[in-house]
1. Exactly one condition in (1) in contact with a Pro (Cβ under 8 Å, 6 or more places away or on another chain); (2) of a type in the set (D, E, K, R); (3) within 14 Å of chain A (Cβ to nearest Cβ) is false for residue B:49; which is it?
2. I'd like the residue in segment B:206-222 that is more than 8 Å from chain A (Cβ to nearest Cβ) and surrounded by fewer than 21 Cβ atoms within 10 Å (Cβ to Cβ) and, out of all such residues, is nearest to residue B:290 (Cα to Cα).
3. Of a type in the set (Val, Ile, Thr), in the same structural domain as residue B:185 (by TED's automatic domain parsing), surrounded by fewer than 23 Cβ atoms within 10 Å (Cβ to Cβ) and within 16 Å of the chain's Cα centre (by Cα): does that describe residue B:347?
4. Considering only segment B:376-387, I want to know if a residue exists there that is under 28 Å from residue B:262 (Cβ atoms) and either out of contact with any Lys or Arg (no Cβ under 9 Å at 6 or more places or on another chain) or of a type in the set (Phe, Trp, Tyr) (or both).
5. Answer yes if at least one residue in segment B:405-425 is closer than 18 Å to residue B:102 by Cβ and surrounded by 23 or more Cβ atoms within 10 Å (Cβ to Cβ), and no otherwise.
6. Restricting to segment A:201-214, count the residues that are more than 19 Å from residue A:100 (Cα to Cα) and part of a helix (DSSP H, G or I).
7. Of all the residues that make up segment B:366-384, how many are assigned to a loop (DSSP other than H, G, I, E, B) and more than 18 Å from residue B:195 (Cα to Cα)?
Amino acid sequence: MASVTVIDARNLTIKEVNAKIRAMVAKGLKVRVINAEAIYGLAAGLDKGEVIVEGSVGDYAAMLIGRREQKEKGLPGPRIEIHGDAGNYLADGAWAGEVIVNGSAGYGACTYAYGGTIVIRGDAGDGLGRLLKGATVIVDGSVGDLVGLYMVGGTIIITGNAGELLGNWMIRGEIFVGGTYKSLGNNAKEVELTDEDRKKLEELLKKYGVTADVSKFKKIVPIKLRPFYG
Amino acid sequence: MTVHPLYGKIVSRRYGENIYKKVLEEIRYRAETGKYIVRGFGYSGKLPDFDDLLLVPVHGLGTRAPVDQYREKVDTTVVIGKGMVKKPLVLKTPVMIGAMSYGATSREFKLACAKAANEVGTASNTGEGGMVTEKTEDGGIRWLEYEYTKPNGYLMVQFASGRWGVCIEYLLNSDAIEVKYGQGAKPGFGGHLLGEKVTEEIAYTRGIPKGTDCLSPARHLDIRSIDDLKKVIKIIRDIVGYEKPVGIKLGPGNAYKEVYAAAQCDIDFLAIDGKYGGTGASPQHAIQGLGLPTIAIIPQADKALRDAGVRDQVTLIALGGFRDGADVAKALALGADAVALVSAIEIAAGCIMCGMCATGRCPVGICTQDPELRKKIGGGKGLDQAAKWIANYMHAVTKEVAQLAAACGHKSVREFEPEDLRAITLEASAIAGVKLAGIDDYVLPKWKEIRGK
């Protein structure tokens, strides 16, 4: 088991914090970061190792984590666990790995994310999963408006409620909502869950310790595959 | 009523001059399909441009003496990332290859551009569709487009609003990163790649399903303010180890305001794309209706960078409508440090301007993903031939710029200045802040104030 090293991020810059994280991870150490509320881009571009953040983090935490090659070969990426809230744009453009937030996430979480799994044990703001390309996002709580805008792939699971224009202009991918949604976006429709969907949901929720009644979920998918020009 | 036999001829001829007559088929197309027109290339029509400006030669009589181009060398190097990064780009020419996406253009064309960049000692640019790659035997990824620019050239990669294919390996296998906000052919419109061109290869590169229309949104979905942009640029720098230049590309309408804002973001270069800037596919009304002439935005951008106090740090790259060394020299005199060519590069590589870019039916293997049409690259002789044509063209343009610099009395292309220019039209003088030929003065007092002489 990797030994743990602590980085106190108070008064450090993003350059200093991330350099320390990379150096520790390269040595095979598990990293614990404290006082990272003011740090944006924490662990950005990290491709391996485990980072635990005690407390909240700033914007763009875990941006562009994981490598394309890890996604393609099914290799594990980094694991980042946040015991607090995450700022805006959590796991922006992620490719591989796991991000677990034991708290809420701000605006635009998981935008552009190609891969990996992001679990938010709390609420997420507007614009979650916009232009999502392949990542799996689980929100054990409610989300704001415009979730899944322009989505081209991936899976979004919301155990609570969703706001306005859910799945607006989505052209691929799927959104599951356990509660209610205020309105669907352009090119989004609700369909019945298949047995395969239910199985997938049950497995994912179980894996990440999320308790929810799968029979109550609604599935949102695109209406047309080419809504813009076709 | 009897119609005079000449009547038809008279009105028909008059209608030939009519603004509607020129667009008759376009109106009918919209009427029959209910759709707007999507096409490639850039603005069609006459705007004030580089032809409205002329360079001022010197004779050494109350002026500088010309440089003897046959025995004295004119320095053509341009540096991007001056003193800011560990690995600046040291270009052997002020002429670069502009952004054209893999998807809009073919694999062979992109690799030809990369090869030409190596041959010339300049930079190519991935555009917004990711990088041309190849699978290795162990299932890894070879970043081919980057490799093809080596050892003498550079590859700039785009970080655009669709973020297609952007991963850490993509950023690490690059020499500079360009955060794209807009382009001259469709500023404010984002990017478009029709599903017809999203083949298996393009789908892999962009990480989307085959046949999907690929929309790059009008704005970055993760940048809502200058503060956000500053953070993103800092994060990019952090990921690439503070080694590579990072810049921004705009297709600015409010050139001064937007460049001034961009200048607050700790950048190494700024690319501005004016009208005549090309595209693989854009709504025609955007091509024709949005943006400003290149000669109007260069002086505004130059001034904004000066006013922001970052002119020495930021390399200003101009795009949009460059054909030869004279155009390039005039842009440098207006305030640019380098230019990037796009449409001219395609033409050098064999483009015949048939207008099929958006359909994927390019007959010369450039703007297509069709395996058979791709074989037409380089006149059917392959990408090496296309690379040779591009490199030849860029060498020739570089020589032309150097010769014009010499004729203007400069030993370096970096010495060009607005005083090297005269405008031959009132419009060009007014919008580019260049003295009007004949009166040797500015037509607008504001420019006298700005230029200070």
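1. (3)
2. Looking at residues that are more than 8 Å from chain A (Cβ to nearest Cβ) and surrounded by fewer than 21 Cβ atoms within 10 Å (Cβ to Cβ), I get B:218.
3. Values: of a type in the set (Val, Ile, Thr): yes; in the same structural domain as residue B:185 (by TED's automatic domain parsing): yes; surrounded by fewer than 23 Cβ atoms within 10 Å (Cβ to Cβ): yes; within 16 Å of the chain's Cα centre (by Cα): yes.
Taking the combined requirement at face value, the residue satisfies it.
4. The answer is no; no qualifying residue exists.
5. Initially, segment B:405-425 is screened for residues closer than 18 Å to residue B:102 by Cβ, giving none.
Taking every residue of segment B:405-425 in turn, none turns out to be closer than 18 Å to residue B:102 by Cβ and surrounded by 23 or more Cβ atoms within 10 Å (Cβ to Cβ).
6. Result for segment A:201-214: 1.
7. Applying the first criterion (assigned to a loop (DSSP other than H, G, I, E, B)) to segment B:366-384 yields B:366-370, B:375-376, B:381-382.
Subsequent filtering for residues that are more than 18 Å from residue B:195 (Cα to Cα) retains B:375-376, B:381-382.
Total satisfying the criteria: 4.
To keep it simple, each residue is scored yes or no on (1) at positive phi; (2) assigned by TED's automatic domain parsing to the domain that holds residue B:278; (3) surrounded by 10 or more Cβ atoms within 10 Å (Cβ to Cβ); (4) not in a loop (DSSP other than H, G, I, E, B).
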| site | (1), (2), (3), (4) |
| --- | --- |
| B:2 | no, no, no, no |
| B:15 | no, no, yes, yes |
| B:22 | no, no, yes, yes |
| B:28 | no, no, yes, yes |
| B:31 | no, no, no, yes |
| B:41 | yes, no, yes, no |
| B:44 | no, no, yes, no |
| B:61 | no, yes, no, no |
| B:68 | no, yes, no, no |
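The values are calculated or read from the model by the stated rules, or taken from the named source; none is laboratory data. Nothing here was measured: the structure is a model prediction, and the numbers come from that model. Don't worry about glycine lacking a Cβ; one is built from the backbone with ideal geometry, like all the others, and counts go over all protein chains shown.
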